[in-house]
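Engineer: Just passing along the structure, written as structure tokens.
Any read-out appearing in this document is the output of simple, stated calculations on the displayed coordinates, not a laboratory observation. All of these numbers come straight from a predicted model, not from anything done at the bench. Here the Cβ positions follow ideal geometry from the backbone for every residue, glycine too, while neighbour counts run over all protein chains shown.
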Amino acid sequence: LISRKNKSQDTVVQVGPLAVGGGTPIIISGPCSVETEAQMEAVASHLQGEGIALLRGGAYKPRTSPYDFQGLGKEGLRILSETAKRHQMVCVSEIVTPEDVEMACEYLDVIQIGARNMQNFELLKAAGSVRKPILLKRGLAATIEELLYAAEYIASRGNDQIILCERGIRTYEKATRNTLDISAVPILKQESHLPVVVDISHSTGRKDIMFPIAKAALAVGADGLIIETHNEPAVALSDAKQQLDLDQFSTLLNQLRQSGFLP
Ligand code: PEP
Ligand code: MN
């Protein structure tokens, strides 16, 4: 169903006023985790000022250590959703269990399936049975083919509103948190009609190469970027090292606009 062979035109995933895959690259931004109302307000008001329409923020956090911040759960979804509405934005957040998918539809405009759950098949089936766009991230050690099959699981249950995300894969290289597989973008777009976005934060894990990596992603045809932003990254409860502060985010956007990579 998601194969280019079955449909030659690109799928455009409509998220409120935002067309993902419609030709103009979109930006998904916001903190790694929803922490407080004040934090979300600070980030969202800045992003709205920059014309960003899609707000992110994790509420169910799949952390490596059980002792790390696990997210605010449903309360996090509520804060994210209300903040987005106040700023005429739409929102996306990760859900980790099939049982939560329907509940999440009340809060979210896009449901994210994270890298660690790309092959959680019951979650994929649950995501396929609702009418909400799904942001599906590539697994840490998943092949491009496995990502496409994971998307097919969702589509096979009737939901074809899927955005694919390249977010880096595990390799021996330690200079970046993951290794961004840039060739995955044109391959995914060739194999499938679904839109593809690149997460430049989780793929690199570092802030100092955001501009060249963003340019690379857009140059190979990405339909959008995910960029983690925080009002005070130094004290963020997760991914403190990679989140851009609000000024750094604005600088990056200006660089991308001035170089013609963003309108
Ligand atoms: C995220 O986007 O919040 C996240 C946890 O990313 P990933 O699943 O790609 O690690
Ligand atoms: Mn993160």
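Engineer: Quick check: from the Cα gyration tensor, does the chain come out rounded (a/c under 1.5), prolate or oblate?
Structural biologist: rounded
Engineer: With +1 on each Lys and Arg Cβ and -1 on each Asp and Glu Cβ, and nothing else charged, work out how big the dipole of the chain is about its Cα centre, in Debye to the nearest 20.
Structural biologist: Computed about the Cα centre, the dipole is about 520 debye.
Engineer: Amide H to amide H under 5 Å from CYS91: which residues, 5+ apart in sequence or cross-chain, H placed 1.01 Å off N in plane?
Structural biologist: Close amide H contacts, sequence-distant or interchain: LEU55, ASP109, VAL110.
Engineer: Hey, got the Cα dimensions of the range 58-175 along the principal axes, in Å, largest first?
Structural biologist: Its Cα atoms span 42, 37, 25 Å along the three principal axes.
Engineer: Let me ask something additional. Taking the convex hull of the alpha carbon atoms in the range 104-143, what volume per residue do you get, in Å³?
Structural biologist: It comes to 65 Å³ per residue, whole-number rounded.
Engineer: Filter the cross-link list LYS174/LYS207; LYS125/LYS215; LYS85/LYS215 down to pairs whose alpha-carbon distance in this structure exceeds 25 Å.
Structural biologist: With Cα atoms farther than 25 Å apart: LYS125/LYS215; LYS85/LYS215.
Engineer: If you don't mind, another one. Want the number for THR24 to LYS74: 0.36 nm per residue separation, take away the alpha-carbon distance, what's left?
Structural biologist: 14.8 nm
Engineer: Farthest toward the dipole's positive end in the range 13-251, which of LEU108, SER156, THR24, given Cβ charges of +1 (Lys, Arg) and -1 (Asp, Glu) about the Cα centre?
Structural biologist: SER156
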